[in-house]
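> Here's a structure for you.
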């Protein structure tokens, strides 16, 4: 569990949060914590947050403004921010499983990354051959 005091500065781009009143600070921080709890509940249930709809056409989810692309980029920011915590020796089978999970969670973060994953897995060649 990472305390909000550790990740809140990231939300504010490492700037000091400034509020006009104590009530405003409570309201904004309350909304942030509500969102945080909603995202955690969805993750615990193995789903995406309710406000992250998946577009029907898979390639549309690679658009810069697609909710899934935004979520995936945000996930990667958080993962990269905690990179030191992930630097542990894992058994080979668990390391491979974690790699697959990371690939799935980051796939829609960018078209370039998605294409690289497809190439790495050999799907790009199969898709190209099937398109002919």
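Taken together, the values in this text are just the output of simple stated rules run on the coordinates, not laboratory data. What you see is a predicted model, and the numbers here were worked out from it, not measured in a lab. Quick reminder, even Gly has a Cβ in these numbers, built from the backbone with ideal geometry, and neighbours come from all protein chains shown.
> List the relative contact order of the range 53-132 as a percent without decimals, with contacts defined as Cα pairs under 8 Å and 6+ residues apart. Don't jump to the answer; show the numbers that get you there.
On the way: 50 pairs, mean separation 24.9, N = 80.
Dividing the mean separation by the residue count of the range 53-132 yields 31 percent.
> May I ask you to compute the full-extension gain from residue 3 to residue 119, defined as 0.36 nm times their residue separation minus their alpha-carbon distance, rounded to one decimal in nm? If you can, show how the numbers build up before the last one.
Values: separation 116, 0.36 × 116 = 41.76 nm, distance 3.81 nm.
Roughly 37.9 nm would be gained on extension.
> Gain in length, residue 11 to residue 64, computed as 0.36 nm per residue apart minus the alpha-carbon separation, to one decimal in nm? Provide the component values of the computation, followed by the final result.
On the way: separation 53, 0.36 × 53 = 19.08 nm, distance 1.97 nm.
Gain in length upon complete extension: 17.1 nm.
> Please work out the Cα convex hull volume for the range 1-51 and give it in Å³ per residue. Provide the component values of the computation, followed by the final result.
Details: hull volume 4.7 nm³, N = 51.
Cα-based convex hull of the range 1-51, divided per residue, equals 93 Å³.
> Over 21 Å, how big is the tail of the calculated P(r) for the range 53-132, in percent of all Cα pairs? Could the numbers behind the result be given before it?
Numbers: 1243 of 3160 pairs.
Summing the P(r) tail past 21 Å for the range 53-132 gives 39 percent.
> Order the peptides 9-15, 62-68, 39-45 from the highest to the lowest mean number of other Cβ atoms within 10 Å of their residues. Intermediate values should be presented prior to the final figure.
Numbers: 9-15: 9.9, 62-68: 15.0, 39-45: 12.1.
Top to bottom by mean Cβ count within 10 Å: 62-68, 39-45, 9-15.
> Given R₀ = 41 Å, what would the calculated FRET efficiency be for residue 89 paired with residue 42, taking r from the Cβ atoms and rounding to 0.05?
Values: r = 31 Å, r/R0 = 0.74.
Working from the Cβ atoms, E equals 0.85.
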